[in-house]
Structures are given as structure tokens and as C-alpha cells.
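Structure, as C-alpha cells:
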Amino acid sequence: MGRKVEFEVEGVKVNGYIAEPSQKGPAVIVIHEWWGVDSPLSNIKEITERFAREGFVAFAPDFYRGKSADNPDDAGKLMMDMFENRMDDVDAIFKASVEYLRNLDITDPVKVGVTGFCCGGTLSMYFASKFPELIDASVPFYGLPQLTKIDASAIKVPIFFIMAEKDEFVDNNAVIDMMKEVWKNGVEVQAKVYAGVNHAFLNDKRPEVYHEDSAEDAWKLTVNFFKRHLS
């Protein structure tokens, strides 16, 4: 169902993985974990295809520009290099991806949501704060607010924070503090903490952390949230 795609918007080249529904629908940008799109430990392509089966035009941009990792040390280096040195490029990739999706004939209604996992969850928060005019809803999974500056007061789109109780990387209290700031903006804010599960519980490529019941529940809530705000 899905395929690799490359395009250019206003001089910005973007690579990624796209999956299209059987009929027209709104778009969702799916942002990879710290492993990268093409890592054997990433299930981002499968998630993109699942969104397409639910009626969304789903696109996973490659924010690492061709790089990926199959171990935590290399993944950490790629992620930190991105957040510390490449955020201008990340912004450009995101804006080009939104423009690309909005101009596809199959994208109708012309609305774009964003979701992501781990560092992709962080970017889902970040993009909602920096480019609220470009997106219509955001669902960050176990994002790490400490990785980059996120202005919660600027998040003015519906947002659903999904967290893991036993997350060893995410300070859930910091995410909840962010949620408290967002709801002052008069937009819908939801949060759910899944008890007894770890960071990356939706990644079925990693059986040591994957939790099927929580993953399926979170998936259903995410799809329903996007259908309500994008359709």
C-alpha cells in the first residue's frame, strides 16, 4: 500500500514514505522515533499504512535525511544532532511536507494532523507550538519536552498527549504541566497515561516494550481524535 516518495517544495527536498487511502481523505504526518524511518527497529511505515486503511493520506517524512540506527547509541546521536544542530532543516522539511500533502488531489478535506513517537512525539508538540496555522490537530506519543523549546502557550490546535506510566525517558509531570498551559488557549486538550507500560509501548518491532492492549487502545483513540478534528 505504501511507497517511498521524493519531492521538492520551494527548493526544499524531502524524502519519506507515503500511504494513500482507497478514497479521498484528510492527511496525517507520522514522525519517526529516534531510530529513523528505515531502521529495522522502526514500525513507522506500518503505522503509516494503518492510517491509510483508516482513510487518511499518511506521510512519514525522513527527518534524518537517509540516516537511521539499529542501536540506542547511534539513535541517540542522530536524535541529539537533529535537535541541537538541524532544527532549521527540520522546520523546512515539515513545512514542505504540509504543502505537499495539501496539494495532493486525494487530500480532501484539506486538513493535516501530526503524530509521532519518542522524538517524533516531541516534534509533534513542537510543530503544534511553532506552526499552529499549518496543522489542525496533534497526537504526541511519549514526547520528551526537554529535547527542544516548546511554547505551550502557542499551541492552539486540538492536542492529545499519550504517555506511559513507567516511561524511563519522559517526565510525565512536565507533559501534564504543558497540557495545563495549552487548555488556557481554549482548544481541546486530552491526555491519557497507560498504567504499567514503558516508553515505546506501541512499537511492535520491540517485544521487550510493546504492550498489545495499550497499543490497540491508544491507536483507536488516536484514529477517533483525528477523524473528529480532520474530517
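What number in nm² do you get for the chain if you take the convex hull of its Cα atoms and divide its surface by four?
Value for the chain: 11.1 nm².
Counting alpha carbon pairs within less than 8 Å and at least 6 residues apart, what relative contact order, in whole percent, applies to the range 73-138?
Relative contact order of the range 73-138: 27 percent.
Taking every alpha carbon pair in the range 137-181, what does the distance histogram look like in 10 angstrom bins from 0, in percent?
Once binned at 10 Å, the Cα pair distances of the range 137-181 give 27, 62, 12.
Quote the relative contact order of the range 94-231 in percent (integer), defining contacts as alpha-carbon pairs under 8 Å separated by 6+ residues.
Contact order relative to length: 20 percent.
Compare the Cα positions of 150, 122, 138 along the charge dipole of the range 76-218 (+1 at Cβ of Lys, Arg; -1 at Cβ of Asp, Glu; about the Cα centre) and return the one farthest towards the positive end.
With unit charges placed on the Cβ atoms, the residue in question is 150.
Given an 8 Å cut-off on Cα distances and at least 6 residues of separation, report the relative contact order of the chain as a percent.
Numbers: 519 pairs, mean separation 39.9, N = 231.
Once normalised by length, the contact order is 17 percent.
In the range 8-88, if the dipole is taken from +1 on Lys/Arg beta carbons and -1 on Asp/Glu beta carbons about the Cα centre, which of 80, 32, 52 is farthest to the positive end?
In the range 8-88, that residue is 52.
List 211, 32 from most exposed to least, where exposure is judged by having the fewest other Cβ atoms within 10 Å. Mind showing how you got there, number by number?
On the way: 211 19, 32 30.
Lowest to highest Cβ neighbour count: 211, 32.
Enumerate the amide H contacts of residue 113 below 5 Å, restricted to partners 5 or more residues apart or on another chain; note that Pro and chain-start residues carry no placed amide H.
Hits under the 5 Å cutoff: 27, 28, 29, 136.
Of the cross-linked pairs 67/156; 205/227; 77/166; 166/205; 24/220, which ones have a Cα-Cα span greater than 22 Å in the structure shown?
Going by Cα-Cα distance, 67/156; 205/227; 77/166 fall outside the 22 Å limit.
Taking the C-alpha atoms of the range 158-208, how large are the radius of gyration and the largest Cα-Cα span, Dmax, in Å?
Every Cα atom of the range 158-208 included, Rg and Dmax give 12.5, 39 Å.
About the Cα centre, and with charges only on the beta carbon of Lys, Arg (+1) and Asp, Glu (-1), how big is the dipole of the range 2-230? Nearest 20 debye, please.
The calculation lands at about 540 debye.
Run lengths n ≥ 4 of DSSP H only: what is the helix-derived mean residue ellipticity at 222 nm for the chain, with -39500 (n - 2.57) per run over all residues, to the nearest 500?
Estimated from H runs of four or more residues: -11500 deg cm²/dmol.
How large is the direction-averaged shadow of the alpha-carbon convex hull of the range 1-84, in nm²? Mind showing how you got there, number by number?
Values: hull surface 23.4 nm².
It is 5.9 nm².
Under 4 °C and 1.567 mPa s, how fast does the range 97-181 diffuse according to Stokes-Einstein, given a Kirkwood radius computed over C-alpha pairs? Answer in µm²/s, whole number.
Details: Rh = 13.1 Å.
It diffuses with D of about 99 µm²/s by this estimate.
Here, each number is a calculation from the coordinates, and none is a lab measurement. Computed from a predicted structure; not experimentally measured. A quick note on method: Cβ atoms are made from the backbone with ideal geometry, for glycine too, and the neighbour counts reach across all protein chains shown.
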